[in-house]
1. Would you work out the relative contact order for chain A, in percent, from Cα pairs under 8 angstrom that are 6 or more residues apart?
2. Taking Cα atoms, how many degrees apart are the long axis of helix B:9-18 and the longest axis of chain B, rounded to 10 and kept between 0 and 90?
3. Rounded to the nearest 0.05, what FRET efficiency do B:Lys153 and B:Ser80 give with R0 = 35 Å and r taken as the Cβ-Cβ distance? Could you check?
4. What residue among A:Gly69, A:Ser43, A:Thr23 has its Cα farthest toward the positive end of the dipole of the stretch A:3-78, where the charges are +1 on Lys, Arg and -1 on Asp, Glu, each on the Cβ?
5. Of B:Lys83/B:Lys257; A:Lys2/A:Lys112; A:Lys38/A:Lys112; A:Lys72/B:Lys50; B:Lys77/B:Lys153, which pairs sit farther than 26 Å apart, going by alpha carbon to alpha carbon?
6. Which stretch or stretches of the stretch B:110-132 have amide N atoms under 20 Å from the point lying 7 Å from B:Phe263's Cα along the Cα→Cβ direction?
7. Lys/Arg Cβ at +1, Asp/Glu Cβ at -1, dipole of chain B taken about the Cα centre: which of B:Ala70, B:Ile36, B:Leu240 is farthest positive-ward?
8. Quickly estimate the mean residue ellipticity at 222 nm for chain B, helices only: each DSSP H run with n ≥ 4 gives -39500 (n - 2.57), and the total goes over all residues, rounded to 500.
Amino acid sequence: MKHHVTTTINGDETEFLCDTEQTLLDCLRDELELTGTKEGCGSGDCGACSVLLDGRLVCSCLVLGVEVGGKKIDTIEGMATGDKLHPLQRKFLEHAALQCGICTPGVLVAAKSLLEKNPNPTETEVRYWLAGNLCRCTGYDKIIRAVMDAAAEMRGA
Amino acid sequence: MRYESPDTLEAAAKLLASESGEARILAGGTDLLVQIRSEVLSPALVVDIKKVAETRTIKEEAGGFRIGAAVTGAELKEHSALKKVWPGLVEAANLIGSTQVQGRASLGGNLCNGSPAADSVPAMIAAGAVASIVGPNGRRDLKVEDIMLAPRKLALQKGEIIASFLLPKRAPHSGDAYLRFIPRTEMDIAVVGCGVSLTLDGSGTCAAARVSLGAVAARPLLVEDAAKALIGSKIDDAALEKMAAAARAACKPIDDKRGTIEFRTDVAGVLAKRTALIALERARKG
Ligand SMILES: Cc1cc2nc3c(=O)[nH]c(=O)nc-3n(C[C@H](O)[C@H](O)[C@H](O)COP(=O)(O)OP(=O)(O)OC[C@H]3O[C@@H](n4cnc5c(N)ncnc54)[C@H](O)[C@@H]3O)c2cc1C
Ligand code: FES
Ligand code: FES
């Protein structure tokens with residue numbers, strides 16, 4: 001039996017059909033063609049699938065699609081405004097904070113949720129907040145620098 | 001696999017009890033969905049309990065706190081009144097996984113997943129938490145230390161759901177703490193975990209204490225002899241040594257690549273002392 005789920009994704013009311021076994025990640029990618037959210041591990045370890053669920057950062061691979069009826073989801077696709085990149089996205093390009101880019105959508109979604117709660121984090125706070133976002137390429141330093149720099153710009157510093 | 005998300009515990013218990021195949025409760029899913037994906041489990045029915053208000057709320061009750069079984073680690077951290085009274089319990093819950101895992105992981109799931117290394121469980125046991133359980137035959141209370149019996153084996157009957165946990169009213173000059181030892185600095189499973197809760201009297205003598213160890217036996221332990229070593233003392237070095245010896249004596253750990261029996265046993269004593277000192281400092285301030 002397919003479930004009919006109505007939810008709000010990046011501000012737009014959206015409907016999809018899914019099987020019980022499908023995760024929110026599967027639904028985003030396979031049913032809604034929102035493929036910006038990536039699958040690294042499927043087991044909660046890598047953070048590539050990070051989205052906000054009712055404003056809370058979660059791994060979409062550890063949420064069932066059927067659970068999100070009536071909820072609000074924010075994905076990487078909602079981050080830029082039209083052609084205008086979010087400051088975090090711009091700073092990631094400036095600092096070369098990505099190589100293969102698989103981890104990047106998840107890191108950006110996670111970093112944005114940190115800066116919404118804490119506009120002035122210390123480097124340690126950024127590192128702890130992003131500890132669930134694994135990156136096999138950059139060695140993390142460039143990611144951290146880009147987040148710190150974006151935070152400073154967003155504070156108007 | 002069928003999915004149900006009833007809005008009462010009674011309806012949830014009924015669904016679980018009447019399922020002839022394997023039925024599972026879904027809270028945050030950070031254990032369950034991993035196990036389903038890796039085909040360790042393939043339940044015929046999943047009952048999501050998060051639409052039941054009791055499982056998702058923290059409220060003050062009888063001078064203590066009632067915490068819904070499906071309240072997330074992130075929500076515990078944001079509850080400043082709870083954090084002030086039970087900082088050790090909140091810290092233990094916040095050790096579970098990453099920010100993303102914290103957005104979903106619950107105390108009920110941590111306990112009922114049935115891992116001897118679950119981080120929040122020794123902290124709940126030390127705190128004297130009591131689970132309120134709803135099943136097909138009504139509601140009953142069970143102390144947290146009596147719930148997990150062995151790895152993946154619980155004292156819950158078919159259809160029973162932990163609705164919430166009651167943390168008792170706190171006497172003045174009380175403090176709690178939880179520490180774990182892991183080979184890495186973050187994102188790892190406890191080799192030893194220790195929760196301590198204690199209360200001092202007006203003269204600074206330990207009037208009450210509870211000590212719990214995780215990951216050193218088939219189930220999380222309430223170590224009464226360790227508590228006895230503290231009670232009546234000023235928690236000086238001699239009392240702490242006695243407590244550490246009692247903690248080590250209670251250990252029946254496994255031997256694996258993450259820690260040998262000797263190592264886990266020794267660390268249990270060291271960790272118990274460190275944890276008690278943090279609880280003591282908090283009790284002196286509280
Ligand atoms: C990347 C990652 C890192 C992790 N790190 C840690 C860690 O450091 N320390 C640690 O202790 N754990 C860790 N975990 C395990 C897991 O996150 C925790 O055990 C968590 O608390 C489980 O809660 P949940 O709400 O997600 O449970 P769920 O997955 O929803 O449920 C777990 C089990 O308990 C049962 N259950 C859930 N709620 C109830 C209830 N109210 N009544 C009866 N049964 C119930 C379910 O049926 C299921 O069998 C980690 C997991 C991941 C994916
Ligand atoms: S794909 Fe979800 S955490 Fe790795
Ligand atoms: S850029 Fe390749 S994993 Fe991070």
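1. Relative CO of chain A lands at 23 percent.
2. 70
3. 0.45
4. Farthest towards the positive end: A:Ser43.
5. Listed pairs above 26 Å: B:Lys83/B:Lys257; A:Lys2/A:Lys112; B:Lys77/B:Lys153.
6. B:116-119
7. Final value for the positive-end residue is B:Leu240.
8. Here the helix-only value at 222 nm equals -10000 deg cm²/dmol.
A short reminder: the numbers here are calculations on the coordinates, not readings from a lab. Remember, predicted model here, so these are calculated numbers, not experimental data. Backbone-built Cβ (ideal geometry, glycine too); neighbour counts: all protein chains shown.
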